[in-house]
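Single-structure report; data block below.
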Amino acid sequence: MPLIIRPMQADDWGAVARIYLAGIAGGNATFQTEVPEWVQWDAAHLASCRLVAQKEEKVLAWAALSAISSREVYRGVAELSIYVDPAVAGTGIGTALLMRLIDESERQGIWTLQAGIFPENAASLALHRRQGFRQVGRREKLAQLHGIWRDVLLVERRSRQPAAAAARHPTAAAR
(Lines give C-alpha, C1' and ligand atoms only; values in the text may rest on other atoms or scores of the structure.)
Protein backbone atom coordinates (compact mmCIF):
# COMPACT_ATOMS: atom_id res chain seq x y z
CA MET A 1 0.00 0.00 0.00
CA PRO A 2 1.46 3.40 -0.94
CA LEU A 3 2.09 6.23 1.46
CA ILE A 4 -0.57 8.93 1.22
CA ILE A 5 0.12 12.47 2.36
CA ARG A 6 -3.01 14.54 2.70
CA PRO A 7 -4.41 17.54 4.59
CA MET A 8 -5.10 16.88 8.25
CA GLN A 9 -8.76 16.79 9.24
CA ALA A 10 -10.27 17.27 12.70
CA ASP A 11 -11.19 13.56 12.57
CA ASP A 12 -7.46 12.74 12.53
CA TRP A 13 -6.97 14.26 15.98
CA GLY A 14 -7.02 10.93 17.85
CA ALA A 15 -4.17 9.53 15.76
CA VAL A 16 -2.32 12.86 15.73
CA ALA A 17 -2.61 13.11 19.53
CA ARG A 18 -1.33 9.52 19.91
CA ILE A 19 1.77 10.30 17.84
CA TYR A 20 2.26 13.60 19.68
CA LEU A 21 2.04 11.79 23.02
CA ALA A 22 4.72 9.32 21.88
CA GLY A 23 6.98 12.29 21.06
CA ILE A 24 6.33 13.80 24.48
CA ALA A 25 7.05 10.47 26.18
CA GLY A 26 10.36 10.16 24.32
CA GLY A 27 11.61 13.27 26.12
CA ASN A 28 13.49 14.85 23.19
CA ALA A 29 10.77 16.27 20.97
CA THR A 30 9.11 19.10 22.87
CA PHE A 31 8.81 21.03 26.11
CA GLN A 32 5.12 20.06 26.15
CA THR A 33 4.33 17.57 28.89
CA GLU A 34 0.81 16.73 27.75
CA VAL A 35 -1.18 16.78 24.55
CA PRO A 36 -3.54 19.77 24.36
CA GLU A 37 -7.19 19.42 23.47
CA TRP A 38 -8.03 19.76 19.77
CA VAL A 39 -9.52 23.24 20.25
CA GLN A 40 -6.27 24.62 21.74
CA TRP A 41 -4.08 22.86 19.19
CA ASP A 42 -6.28 24.04 16.31
CA ALA A 43 -6.14 27.65 17.49
CA ALA A 44 -2.34 27.57 17.76
CA HIS A 45 -1.67 26.31 14.21
CA LEU A 46 -2.18 27.76 10.75
CA ALA A 47 -5.29 26.50 8.99
CA SER A 48 -3.21 25.61 5.93
CA CYS A 49 -0.13 23.40 5.89
CA ARG A 50 -1.46 20.71 8.24
CA LEU A 51 -0.61 17.33 6.82
CA VAL A 52 -0.75 13.68 7.81
CA ALA A 53 1.03 10.71 6.29
CA GLN A 54 -0.94 7.48 6.24
CA LYS A 55 -0.71 3.92 5.01
CA GLU A 56 -3.62 1.52 4.94
CA GLU A 57 -5.91 4.06 6.65
CA LYS A 58 -3.50 4.47 9.59
CA VAL A 59 -2.00 7.90 10.31
CA LEU A 60 1.74 7.42 10.88
CA ALA A 61 3.04 10.99 11.02
CA TRP A 62 1.88 14.58 11.03
CA ALA A 63 3.27 18.04 10.39
CA ALA A 64 1.87 21.52 10.91
CA LEU A 65 2.90 25.17 10.98
CA SER A 66 2.37 27.91 13.57
CA ALA A 67 2.69 31.63 12.99
CA ILE A 68 5.69 33.09 14.79
CA SER A 69 4.10 36.51 15.11
CA SER A 70 0.89 38.37 14.32
CA ARG A 71 2.93 41.23 12.81
CA GLU A 72 2.46 41.64 9.06
CA VAL A 73 6.19 41.68 8.32
CA TYR A 74 6.47 38.10 9.59
CA ARG A 75 3.49 36.75 7.60
CA GLY A 76 5.77 34.43 5.62
CA VAL A 77 7.68 32.96 8.55
CA ALA A 78 6.34 29.89 10.33
CA GLU A 79 7.36 27.47 13.06
CA LEU A 80 7.37 23.83 11.98
CA SER A 81 6.26 20.80 14.00
CA ILE A 82 6.70 17.28 12.65
CA TYR A 83 6.09 14.04 14.51
CA VAL A 84 6.53 10.46 13.29
CA ASP A 85 5.15 7.38 15.01
CA PRO A 86 8.19 5.71 16.64
CA ALA A 87 7.12 2.37 15.13
CA VAL A 88 7.91 3.70 11.64
CA ALA A 89 10.86 5.99 12.43
CA GLY A 90 13.68 5.71 9.90
CA THR A 91 11.48 4.45 7.06
CA GLY A 92 11.43 7.68 5.02
CA ILE A 93 7.94 8.76 6.06
CA GLY A 94 9.26 11.86 7.85
CA THR A 95 11.29 12.83 4.78
CA ALA A 96 8.31 12.46 2.45
CA LEU A 97 6.09 14.44 4.81
CA LEU A 98 8.60 17.26 5.31
CA MET A 99 9.21 17.55 1.56
CA ARG A 100 5.49 17.87 0.95
CA LEU A 101 5.12 20.41 3.79
CA ILE A 102 7.91 22.53 2.31
CA ASP A 103 6.19 22.52 -1.09
CA GLU A 104 2.81 23.36 0.44
CA SER A 105 4.25 26.12 2.63
CA GLU A 106 5.80 27.82 -0.39
CA ARG A 107 2.49 27.59 -2.27
CA GLN A 108 0.93 29.34 0.72
CA GLY A 109 3.48 32.18 0.63
CA ILE A 110 5.75 31.04 3.46
CA TRP A 111 9.35 32.04 2.74
CA THR A 112 11.01 30.89 5.98
CA LEU A 113 10.41 27.76 8.01
CA GLN A 114 12.00 27.50 11.41
CA ALA A 115 12.15 24.90 14.15
CA GLY A 116 13.57 24.56 17.62
CA ILE A 117 15.09 21.12 18.18
CA PHE A 118 16.75 19.60 21.23
CA PRO A 119 20.41 18.79 20.43
CA GLU A 120 19.79 15.22 21.60
CA ASN A 121 17.18 14.69 18.87
CA ALA A 122 19.70 13.54 16.26
CA ALA A 123 17.04 12.03 13.97
CA SER A 124 15.08 15.28 13.75
CA LEU A 125 18.22 17.33 13.16
CA ALA A 126 19.29 14.97 10.35
CA LEU A 127 15.81 15.05 8.79
CA HIS A 128 15.79 18.85 8.73
CA ARG A 129 19.37 19.11 7.41
CA ARG A 130 18.57 16.75 4.53
CA GLN A 131 15.83 19.17 3.47
CA GLY A 132 18.05 22.25 3.48
CA PHE A 133 17.60 23.54 7.03
CA ARG A 134 20.65 25.07 8.62
CA GLN A 135 21.46 25.75 12.24
CA VAL A 136 21.32 29.47 12.97
CA GLY A 137 21.70 29.43 16.73
CA ARG A 138 21.67 27.67 20.04
CA ARG A 139 19.58 28.82 22.96
CA GLU A 140 21.36 27.55 26.06
CA LYS A 141 19.29 26.43 29.01
CA LEU A 142 16.18 27.85 27.40
CA ALA A 143 13.75 26.11 29.75
CA GLN A 144 13.44 23.18 32.08
CA LEU A 145 11.84 19.88 31.20
CA HIS A 146 11.21 17.64 34.20
CA GLY A 147 13.58 19.81 36.26
CA ILE A 148 16.45 19.65 33.77
CA TRP A 149 17.64 22.69 31.82
CA ARG A 150 17.52 22.01 28.09
CA ASP A 151 19.23 23.70 25.16
CA VAL A 152 17.41 24.23 21.87
CA LEU A 153 19.03 24.45 18.45
CA LEU A 154 17.37 26.89 16.06
CA VAL A 155 17.20 25.73 12.47
CA GLU A 156 15.67 27.44 9.48
CA ARG A 157 15.07 26.95 5.80
CA ARG A 158 14.53 29.79 3.36
CA SER A 159 12.47 29.32 0.26
CA ARG A 160 14.68 29.01 -2.78
CA GLN A 161 12.51 31.78 -4.27
CA PRO A 162 11.47 33.99 -1.32
CA ALA A 163 10.09 36.79 -3.53
CA ALA A 164 7.87 34.33 -5.40
CA ALA A 165 6.64 32.82 -2.14
CA ALA A 166 5.88 36.27 -0.75
CA ALA A 167 3.96 37.22 -3.88
CA ARG A 168 1.72 34.19 -3.37
CA HIS A 169 0.92 35.11 0.22
CA PRO A 170 -2.77 36.01 0.67
CA THR A 171 -1.92 39.45 2.07
CA ALA A 172 0.70 40.32 -0.55
CA ALA A 173 -1.85 42.31 -2.55
CA ALA A 174 -2.60 44.44 0.50
CA ARG A 175 0.99 45.68 0.74
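Name the residue, out of Q135, Q144, that is at pLDDT 95 or above and either in a strand (DSSP E or B) or charged (D, E, K, R) (or both).
Just one listed residue meets the conditions, Q135.
Hey, W38 hits all of (1) modelled with pLDDT of 95 or more; (2) farther than 27 Å from K141 by Cα; (3) within 15 Å of the chain's Cα centre (by Cα) but one; which does it fall short on?
(3)
Give the residues of the stretch 65-79 that are without any contact (Cβ under 8 Å) to a residue 40 or more places away in the chain, closer than 21 Å to E104 by Cβ and either part of a strand (DSSP E or B) or basic (K, R) (or both), sorted by residue number.
S66, A67, V77, A78, E79
Could you check the stretch 17-62 and list, in sequence order, the residues that are touching a strand residue (DSSP E or B) at 6+ places or on another chain (Cβ under 6 Å) and in a loop (DSSP other than H, G, I, E, B)?
F31, H45, L46, C49, R50
When the residues of the stretch 147-160 are narrowed to those that are within 19 Å of the chain's Cα centre (by Cα) and part of a strand (DSSP E or B), which ends up farthest from R100 (Cα to Cα)?
In the first step, residues of the stretch 147-160 are kept if they are within 19 Å of the chain's Cα centre (by Cα); the result is 151-160.
Next, from what is left, pick out any that are part of a strand (DSSP E or B): 151-158.
Numbers: D151: 28, V152: 25, L153: 23, L154: 21, V155: 18, E156: 16, R157: 14, R158: 15 Å.
The extreme case among them is D151.
Pick from the stretch 4-23 the residues that are among the aliphatic types (A, V, I, L, M) and surrounded by fewer than 16 Cβ atoms within 10 Å (Cβ to Cβ): which of them is farthest from S81 (Cα to Cα)? Walk me through it before giving the result.
Kept after step one, since they are among the aliphatic types (A, V, I, L, M), are these residues of the stretch 4-23: 4-5, 8, 10, 15-17, 19, 21-22.
Now restrict to residues that are surrounded by fewer than 16 Cβ atoms within 10 Å (Cβ to Cβ): 4, 10, 21.
On the way: I4: 19, A10: 17, L21: 13 Å.
Across the stretch 4-23, the extreme among qualifying residues is I4.
Scan E104, E79 and give me the residue that is surrounded by 13 or more Cβ atoms within 10 Å (Cβ to Cβ) and in contact with a Ser or Thr (Cβ under 6 Å, 6 or more places away or on another chain). Break it down into steps so the answer makes sense when it comes.
Numbers: E104 fails: in contact with a Ser or Thr (Cβ under 6 Å, 6 or more places away or on another chain).
Residue meeting the stated conditions: E79.
Can you tell which of A115, A123 is assigned to a helix (DSSP H, G or I) and among the aliphatic types (A, V, I, L, M)? Please lay out each step first, then the result.
Values: A115 fails: assigned to a helix (DSSP H, G or I).
Just a single option satisfies the conditions, and that option is A123.
The values are calculated or read from the model by the stated rules, or taken from the named source; none is laboratory data. All values reported here derive from a predicted model rather than from experimental measurement. Glycine gets a Cβ as well: all are built from the backbone with ideal geometry, and neighbour counts include every protein chain shown.
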